[in-house]
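*Asks:* Before we start, here is the structure in question, set down as structure tokens.
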Amino acid sequence: MASRVEKKLLNLMGRASKEFALLEPNDRVMVCVSGGKDSFAMLNLLRTLIRRLPFSVELIAVNLDQKQPGFPVEVLPNYFEAEGYDYRVIERDTYSVVTDKIEEGKTYCSLCSRLRRGILYSVAVELGCTKIALGHHREDAIETLLLNLFYSGQIKAMPPRLRSDDGRNVVIRPLIYCAEADIAAFAEEQAFPIIPCNLCGSQENLKRKQVRQLIETLHADNDKVKGNLFASLSHVRATHLMDPLLRSVMGLDDARGRDEGLDAIGASGDIDDCGLSLHG
Ligand code: SF4
């Protein structure tokens, strides 16, 4: 019998799948399992979800053993076997590459993720998979949105479904509507054999940490903050942005709309806080 949190997560995963066509007839989905709570939860929930679909979808769990010192190699195979998952463990020593290329004290994550992504894309093709499932959730999406705004001058986050740059793969994020706290509660309930994520000795990306802290601080003050940030990803007011391509494709130059900038100028002519309103 499914617990309350499991039902909630399954509903959200089902909704995302329906809205973005994440699971389609005869899909063979490569589920990337790192050994963290999110990927364990994704694999478990996907298995339950596909049993309820009116069409057939195959799952294959894939773990990339990156040869980090101390990585407990037996944990995931034992789990996959015990649970009856079809699986592959791929061994590639990316750890030596990043430690060789990156100065000590600097974070390895960016190069490590790039290498991992390239390997997983190739493995998906070799295994004949139609989709690659990643375990990113709501908080990952909003942190990425703010990181891109602050540090790369772009409005973008994590799409639920995207064809990869090289065109060979479709990446999906079935947990995209799920809150991290619910996933953590589910992982605890299921007692997944979680592998700690600091084996590589890398510092977590400092900017992501700061952005996460900022979101948590604002959310503690107003518990709608996370929901609003996430909702903003589906409520883009293109008329109120300045992207030339978007404006030309959508024919926005003569579009009508209320100018919030004017609303936000008080009697003194100063811009007040309204100018920061999330929904404009
Ligand atoms: S924490 Fe370690 S394994 Fe994870 S992305 Fe960063 S460098 Fe790679």
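The values are calculated or read from the model by the stated rules, or taken from the named source; none is laboratory data. Remember, it's a predicted structure, so these values are computed and weren't measured experimentally. Positions of Cβ are backbone-derived with ideal geometry, glycine not excepted, and every protein chain shown enters the neighbour counts.
*Asks:* Given the condition among the charged types (D, E, K, R), farther than 18 Å from A16 by Cβ, more than 16 Å from the ligand (Cβ to nearest atom) and in contact with an Asp or Glu (Cβ under 9 Å, 6 or more places away or on another chain), answer yes or no: does some residue in the range 183-192 qualify? Outline the logic, then answer.
*Replies:* Of all residues in the range 183-192, those among the charged types (D, E, K, R) come to 188-189.
Narrowing further to those that are farther than 18 Å from A16 by Cβ: 188-189.
Those still in the list that are more than 16 Å from the ligand (Cβ to nearest atom) too: 188-189.
Add one more test, that the residue is in contact with an Asp or Glu (Cβ under 9 Å, 6 or more places away or on another chain), and what stays is 189.
Checked against the condition, which is being among the charged types (D, E, K, R), farther than 18 Å from A16 by Cβ, more than 16 Å from the ligand (Cβ to nearest atom) and in contact with an Asp or Glu (Cβ under 9 Å, 6 or more places away or on another chain), the range 183-192 yields at least one hit.
*Asks:* Does A41 qualify as being more than 16 Å from the ligand (Cβ to nearest atom), buried (at least 22 other Cβ atoms within 10 Å of the Cβ), more than 21 Å from V123 (Cα to Cα) and in contact (Cβ under 8 Å) with a residue 24 or more places away in the chain?
*Replies:* Values: more than 16 Å from the ligand (Cβ to nearest atom): yes; buried (at least 22 other Cβ atoms within 10 Å of the Cβ): yes; more than 21 Å from V123 (Cα to Cα): yes; in contact (Cβ under 8 Å) with a residue 24 or more places away in the chain: yes.
Here the answer is yes, as A41 does meet what is asked.
*Asks:* Of the residues P54, P69, which is assigned by TED's automatic domain parsing to the domain that holds V171, part of a loop (DSSP other than H, G, I, E, B) and away from the ligand (no atom under 16 Å from the Cβ)?
*Replies:* Details: P69 fails: away from the ligand (no atom under 16 Å from the Cβ).
Answer to the check: P54.
*Asks:* Any residue at all in the range 127-140 that is part of a helix (DSSP H, G or I), under 26 Å from V29 (Cα atoms) and more than 16 Å from the ligand (Cβ to nearest atom)? Please lay out each step first, then the result.
*Replies:* Narrowing the range 127-140 to residues part of a helix (DSSP H, G or I): 138-140.
Narrowing the set further to residues that are under 26 Å from V29 (Cα atoms) leaves 138-140.
If we keep only those that are more than 16 Å from the ligand (Cβ to nearest atom) as well, we get 138-139.
Within the range 127-140 (the criterion being part of a helix (DSSP H, G or I), under 26 Å from V29 (Cα atoms) and more than 16 Å from the ligand (Cβ to nearest atom)), the answer is yes, since at least one residue qualifies.
*Asks:* Evaluate the range 114-133: report whether one residue or more is under 13 Å from the mean Cα position of the chain (by Cα) and crowded, with 19+ Cβ neighbours inside 10 Å.
*Replies:* First, the residues of the range 114-133 that are under 13 Å from the mean Cα position of the chain (by Cα): 132-133.
Filter once more, keeping what is crowded, with 19+ Cβ neighbours inside 10 Å: 132-133.
Looking through the range 114-133, at least one residue is under 13 Å from the mean Cα position of the chain (by Cα) and crowded, with 19+ Cβ neighbours inside 10 Å.
*Asks:* Of the conditions (1) within 16 Å of the ligand (Cβ to nearest atom); (2) among the aliphatic types (A, V, I, L, M); (3) not assigned by TED's automatic domain parsing to the domain that holds V98, V225 fails just one. Which one is it?
*Replies:* Here V225 clears every test but (1).
*Asks:* Cβ contacts < 7 Å: first residue within 9 Å of the ligand (Cβ to nearest atom), restricted to the range 106-119; second residue in a helix (DSSP H, G or I) and hydrophobic (A, V, I, L, M, F, W, C), any location; separation 6+ or different chain. Result?
*Replies:* Cβ pairs passing all conditions: Y108/V98; L111/V98; C112/V98; L115/V97.
*Asks:* Another question, if that's okay. Quick one: is A124 more than 16 Å from the ligand (Cβ to nearest atom), more than 27 Å from V98 (Cα to Cα) and of a type in the set (G, A, S)? Break it down into steps so the answer makes sense when it comes.
*Replies:* Values: more than 16 Å from the ligand (Cβ to nearest atom): yes; more than 27 Å from V98 (Cα to Cα): no; of a type in the set (G, A, S): yes.
The answer is no for A124.
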